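What follows is one structure encoded as C-alpha cells, with my remarks underneath.
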Amino acid sequence: MQFVEVVVNVPIRRSFGRAQPPQLEELEVDNDALQTFHYHLPPDLEEIVRPGHLVWVPFGGQELQAIVLRRTPDAPVVTKPILRLARPVPVLTGHQMELAAWMAHEYVAPFSEAIKLFLPPGLLARRSRDVHAKREWRVHLHMAPEAARAALAQLGHSNGQATILAHLMAHPAEEPGVKDLMQACQLKTDSAVRSLARRGAVQIEDQRVRLLLSPGAATELLLALRGAAKYVPVVEELIAASGPLWKSALQAQRATDLDALRTLQKAGIVELREEVRFRDPLNGRTFEHTRPPEFTVEQKVVWAAVCERGFAQQAPAHFLLHGVTGSGKTEIYLRAIEETLRRGRQSIVLVPEIALTPQTVARFAGRFPGQVTVIHSELSTGERYDVWRALRDGAYSVVVGPRSALFAPLDRLGLIVIDEEHEMTYKQDAEEWGSFKVFYDARTVARRLARLTDSVLILGSATPSLESYYAAEQDELVLLEMPRRVMGHRGTGAGHGIIYGELPPVEVVDMRQELRAGNRSIFSRSLASELIATLDAGEQAILFLNRRGTNTFVMCRDCGHVEECPRCETPLTYHEPAGQLICHRCNRHYPVPDKCPNPACNSKRIRYFGTGTERIEETVKEIVPRARVLRWDADTTGRKGSHEAIMHRFANHDADVLVGTQMIAKGLDLPMVTLVGVVAADVGLFLPDFRSGERTFQLLTQVSGRAGRSQRRGRVVIQTYRPDHYAIQAAAQHDYAAFYAREMSFRAEQGYPPMRRLAKLIFWEKRLDRAKAESERMATVLRHRLVQMGLEGQSGEVMGPAPAFFGRYRGYYRWQIILRTPDPPGVLRGLDIPFGWRIDVDPVSLL
C-alpha cells in the first residue's frame, strides 16, 4: 500500500511548536506543524498521483479537496483512501509548496490558507463544481472567398422570383421570352416575372425579359429573395479577418445564432470547432514596440553590478535600487528581464497598485511582445484561471501585477522585480473579522522565493522603506544608487547623449500665514496662481489630497457633536453629489441631519468641516472655470477598468487637472504634468502610528516626483500648518539621507522596526465585555510565554490590551495587543489562539 501526505482545504489553526520552518522532506517527523493528514492510494491512482496534485479526500463526514505534499512509505495512523483526482496535472510546484510551508510558519497561519494564495479563485471548491477552461465554438471559413460568396446563393428557400433571377444571372447575354423563361424555370404563371419587373430588376419588352441590375445588385437581391442575406455579414467578416473567429465575437457584431452557423457548416461554407478559449485580460490592446535607449553613466554602473553579483552568480545577490523619480529604474528592470529571457527563465514584476498595471504592462509588453501577461483582482474569475493555466503551461515569460502576482506558477523563475517597494500595499492587511488570512509581506516573501529559486531580486524606490535601507546597511541587500533624473536622449551623431534634469523645486507654504493674510480658501495664493499659469501654458496639474469625499466630517458648532457610524464609531464623510454621509469603513449611507442629533442640543448650527477631493474639484472650477477636472480616488474607481480609463483620459490630455488621493502618488509617468500641488500635507502626519512620519515623507516625495518628468520645467507647492516638521522639510529638499538619519534615531530610541520586530494581535467580538476579557486573557498568556522563554524585559514586551485605533468595525469591537520581541512568530507558535484573533506579524501600521 502506498501513502500520501496532504493538506486539506479547511482552515485549522494548530500549534506551531517548531523552532525552524519545516521542510517538506521533514514532514514525517512532525506533520502537526503544517496540519497535514495521511491517506493511502487506491490501485488505480498509485502510478498517477504526484506532489502538487489536487485530490478529493474523505474528511470527517464530508468530501474535501486536498493538496498532495508528498508520497510516504508508511503512515502513523490507520488511513482512508484518496477518492479521486480533482485535476489531471499537479496544480503546485515543489518550490511553491515549500514557500507556502514557510509562510504558514513565519506568519503563524493555517497551511491551507497559505496554499490558497498560489491558486486562482474558484479552483479550490467544497463541492465538485469549480472553475474550468472555457470552451466555445470557433468559426473557420472552409472555402476560398469567392467560392464562399457564390455558395451563399444556394442557401435559404427557393421561390419563383429567385429562380428566375438566378437563371438570368447565369445567362447575362440572353433576353429570353417570357414563356421560354417560365418553361426553363418550370413556372406555371408569369407572376414571378412581373413581380421582378415591378421591383425594377427586369424589363419586359415585346414579351422578352432583360436583366437591369448589375451583378452585385442582382446577387444582393437574390440573397434577399431566398432569405439568405443574414449569412452574408458572417462570411464577409470571416473573409476580412483572414482567419477563424470565436462565435461570441461574431454574435456581438452580427447577432448570429448557432442555427445559422450550423446552416453554413452544412453547406460546406464554414467549419465549427469547439475549442478552449483563452480569456485574455489584454485582449484587444496593442502596444507600441520600443527599443532600449542608451544607458546613462549611473545605469551602466548599476547594470554592471546586477550582472556581476546577480546573473553571474549561482546564488544571486538581492538588490535595493535607490533612484530618484525619473532616474531610469524601469530601464534597469527591462534589461534585467531581457537577460532573464536570454537565459531561458521567467520574470515577475510587482507594482503596488492595480492603477499602475496598465502603464507598466504597456512598457514591458512594448519591449517583449507576446511574452507579457497580468494578474490582479480586477480580472474575472475566468480570466484569472486562464492566466494561471497559461503561466503554468509556460505560455508567458513575464507576469505583471500587484502582490498576488508573486504566486504565479512559473517553474523557470529567474527574476523578481518589486517597483515602488516602499508602498504599504505590499503587505496583506485586509480588515476581515476572525480572518484566517495570511497577513504576509510580499517583500519578505519575495526574498524567500528568490532564495528558493536562485532568482535575482531587485527592489526599487525613490524613497526606500526603512527596513529595506537598513537591510542594505547590514549587507543583506546590495545598495545601488541612481541620484540623477533623466529627461531624455539627444539624437545620434554629433552632440548626441543623455539629457539630465533637476528635481522640481518645492515651495512650502505656511497655511497659518495664509489665514493671517485673510485667505480662507483651501488653496494658497501661490498654488492658485501657479495653477492658472500652468493651464494658460497648455500644461497639466496634479492636486494631491490624502482624503476622499467632499468634507471630512459633520460637527455641531454648539455642542461639538460629530456624526459617527453607529456600527464602526468612526466619523462619517459628507459626499455632496450623493447628498449623503458615508462610512468609509463599512460603506453604510446615512442622511444628512438638518439639526444636531444630540437630544440635549438640537441646534441647527451643524456644519461640514474639512476638505475632500470633491471639494477640491469644485474649487478648481471656481478658480479656472474652463479647467477640465478628473478625480482619481476610491469613489471613482469602483468599476473594472476604471483606473485605466482615467489614466488614458489624462495621458491623452482630455483633462487639465487630476485631483486624487494616494493612487496618484505611485509611479505615474505623465510628461505634460508640470505642477503638483499638495493641498494638505499634514493629513496623517500626527496619527498615533510610528510610521506616520515615514509615510508622509514618502507620499510627499513621490507625488512631487510626478512633476517635470519631461523637458518642461516642473514645480511643486506643498501646503502645511507645520512647515518646520522634519518629514516635510526633507521631502521639500528631496533629501532621503537626512530623513533616514532622523527617523532611524527615533526608531532606535523607541524600539520600533527595523530595530525591533512587532506582531499585532486584534480580537473581534460583538460584545464589548467579551472583547475586553479575551484580550486581557491573551495578554496574560503572552506575558507568561515571554517569561517561559526568558524574553521578559528589554528583549520582549507585551503592550496592551487596549481598544484599537478604529475601535469598532461593522458592529464588532476591536481590541489589540502589540508584541515586541526579536522573533514574534517564535513566541506565538504553540499557543492556543482561538477563532476571532487576527495575527499580523511585522505590521505596517499600528492603527
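The values are calculated or read from the model by the stated rules, or taken from the named source; none is laboratory data. The shown structure was predicted, so the numbers you read here are calculated from the model rather than taken from an experiment. Reconstructed Cβ throughout: ideal geometry from the backbone, glycine too, with neighbour counts over all protein chains shown. Quick note on the areas: whole protein, heavy atoms, side chains included, nothing else; ligands and nucleic acids left out. Shrake-Rupley method; radii C 1.70, N 1.55, O 1.52, S 1.80 Å.
Summing charges over neighbours of Lys766, with a neighbour being any other residue whose Cβ is under 13 Å away from its Cβ, gives +4 when K and R count +1 and D and E count -1. Prolate is the label for the stretch 620-738. Its Cα gyration tensor axes, ordered a ≥ b ≥ c, give a/c of at least 1.5 and a/b above b/c. Sum up the charges of everything whose Cβ sits under 13 Å from the Cβ of Leu187, counting Lys and Arg as +1 and Asp and Glu as -1, but leave Leu187 out. Here the count lands on +1. Annotation: lysines with alpha-carbon distance below 25 angstrom to Lys188 (same-chain offsets under eight excluded): Lys179. Going by Cα centres, the stretch 292-312 and the stretch 356-413 are how many Å apart? Spelled out, the Cα-based centre of one part sits 25 Å from the other.
Accessible area ranking (1.4 Å probe, heavy atoms, ligands and nucleic acids excluded), largest first, for Leu123, Leu479: Leu479, Leu123. For the chain, the pair-distance distribution built from all alpha carbon pairs, in bins 10 Å wide starting at 0, is 2, 10, 17, 20, 18, 13, 8, 6, 4, 2, 1, 0 percent. Note on Arg279: accessible area is roughly 60 Å² with a 1.4 Å probe, heavy atoms of protein only. Rolling a 1.4 angstrom probe over the chain with all protein chains present gives an accessible area of which 49% lies on carbon and sulfur atoms. Residue ranges 336-348, 778-790 sort as 336-348, 778-790 when ordered by packing (mean number of other C-beta atoms within 10 Å per residue, highest first).
Site pair Lys134 and Leu187 shows an inter-label distance of 4.9 nm when each label is modelled 7 Å from Cα along Cα→Cβ. Among Phe835, Phe37, the sequence by solvent-accessible area, most first, with a 1.4 Å probe is Phe835, Phe37. With helices as the sole contributors, the chain gives -9000 deg cm²/dmol at 222 nm; each DSSP H run of n ≥ 4 counts as -39500 (n - 2.57), and the sum is divided by every residue. Remark: the stretch 698-847 carries 41 Å² of accessible area per residue (probe radius 1.4 Å; ligands, DNA and RNA excluded).
Only aspartates and glutamates eight or more places from Lys437 in sequence, or on another chain, were considered; those with a Cα closer than 14 Å are Glu106, Glu113, Asp429, Asp840. A P(r) calculated from all alpha carbon pairs of the stretch 87-188, with 10 Å bins opening at zero, reads 11, 22, 14, 8, 9, 9, 12, 9, 6, 1 percent.
Residue-wise HN-Hα couplings along the stretch 417-424, as the Karplus relation 6.51 cos²θ - 1.76 cosθ + 1.60 with θ = phi - 60° gives them from phi, are 10, 10, 7, 6, 5, 6, 5, 5 Hz; Gly and Pro carry x. Surface listing: Arg520, Arg84, Arg447, Arg50 arranged by accessible area from highest to lowest gives Arg520, Arg50, Arg84, Arg447, probe 1.4 Å.
Does the stretch 132-281 come out rounded, prolate or oblate by the C-alpha gyration tensor, with a ≥ b ≥ c the root eigenvalues, rounded set by a/c under 1.5 and, if not, prolate when a/b is larger than b/c and oblate if not? Judged from the Cα gyration tensor, the stretch 132-281 comes out prolate (a/c at least 1.5, a/b above b/c). A DSSP coil position with no more than 15 other Cβ atoms inside 10 Å describes the following GluC sites (Glu not before Pro) in the stretch 217-298: Glu288, Glu294. Principal axis analysis of the Cα atoms in the stretch 157-202 yields extents of 23, 22, 21 Å, listed in decreasing size. Look at where the Cα atoms of the stretch 64-99 and of the stretch 504-540 average out, and the two centres are 63 Å apart. Ser404 contributes an accessible area of around 40 Å² to the protein surface, as traced by a 1.4 Å probe with all chains present. Binning the C-alpha pair distances of the stretch 279-377 at 5 Å intervals from 0 yields a P(r) profile of 2, 10, 21, 23, 21, 14, 6, 2, 0 %, listed from the shortest bin outward. Dipole of the stretch 380-488 computed with +1 at Lys/Arg Cβ and -1 at Asp/Glu Cβ about the Cα centre; of Val438, Ala450, Leu391, farthest Cα towards the positive end is Leu391. Of the residues Gly323, Val351, Val361, the one whose Cα sits farthest toward the positive end of the charge dipole of the stretch 297-386, with +1 on the Cβ of Lys and Arg and -1 on the Cβ of Asp and Glu, is Gly323.
Based on Cα contacts under 8 Å between residues 6+ apart, the chain shows a relative contact order of 11 percent.
Which lysines have a Cα lying under 19 Å from the Cα of Lys247, excluding residues fewer than 8 positions away in the same chain? Result set, ordered by chain and number: Lys134, Lys230, Lys266. Evaluated over the Cα positions of the stretch 343-406, the convex hull gives a direction-averaged projected area, one quarter of its surface, of 4.2 nm². Could I get the Rg over Rh figure for the stretch 354-466? Both from C-alpha atoms, Rh via Kirkwood, rounded to two places. Dividing the radius of gyration by the Kirkwood radius yields 0.95. With the whole protein complex present, Ile646 retains an accessible surface near 20 Å², based on a 1.4 Å probe.
For the chain, a simple Cβ point-charge model (Lys and Arg +1, Asp and Glu -1, everything else neutral) yields a dipole of about 1540 debye relative to the Cα centre.
Size of the stretch 775-845: Rg and Dmax of its alpha carbons, in Å, are 12.5, 39. With the convex hull drawn around the C-alpha atoms of the stretch 300-356, the volume per residue stands at 104 Å³.
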